[in-house]
1. If I stretch the segment between A78 and V31 completely, what's the gain in nm (0.36 nm per residue apart, minus their alpha carbon distance), one decimal?
2. Please give, to one decimal in nm, the separation of the simple spin-label points placed at L52 and W67, each 7 Å out from Cα toward the Cβ.
3. Assuming a ≥ b ≥ c are the square roots of the Cα gyration tensor eigenvalues, decide whether region 1-51 counts as rounded (a/c under 1.5), prolate (otherwise, with a/b larger than b/c) or oblate.
4. Quick one: Karplus J couplings for region 16-31, per residue in order, coefficients 6.51, -1.76, 1.60, θ = phi - 60°, nearest Hz, x for Gly and Pro?
Amino acid sequence: MSCRVSGRNTNTWAAAGIAPQTSETIPVGRVTGARLALECRVLATVDLDPGLVLDPSSHALYRRGDWHRAFLGEVLAARIAVQPASPRSSSSFLREAVSTSAWSEPP
């Protein structure tokens, strides 16, 4: 799939040949059949400042000034497809690890 395809005008799931599956902890779907799926919530965003980029040759990659935005988040759940221990079994199983972390405000 080309980076020029926008989700505004195109079903990017279908264009990539993948299907969404309902997530457990967030309203955004995850990729059906993915071996790893992280469900996260966004804590903050940081727009990258071109003046702080260490490698000047990177500027050539962003001639239109469309520098990236970094997202900082918390993993709420992780779904990992694991190969079975027995070589006789042909199917994988899914192990779930759900974060038990909680926010606490400073006193």
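1. Values: separation 47, 0.36 × 47 = 16.92 nm, distance 1.27 nm.
Result for the pair: 15.6 nm of gain on full extension.
2. Going from the L52 label point to the W67 one covers 0.8 nm.
3. On the way: a/c = 2.22, a/b = 1.18, b/c = 1.88.
Because a/c hits 1.5 or more and a/b fails to exceed b/c, region 1-51 counts as oblate.
4. Result, ordered by residue: 8, x, 10, 10, x, 10, 4, 7, 8, 10, 9, x, 9, x, 10, 7 Hz.
Computed from the coordinates by the stated procedures, all read-outs in this text should not be read as laboratory data. Just so it is clear, the model here is predicted, and its values are computed rather than measured. Using ideal geometry, Cβ is built from the backbone for each residue, glycine included, and neighbour counts are taken over all protein chains shown.
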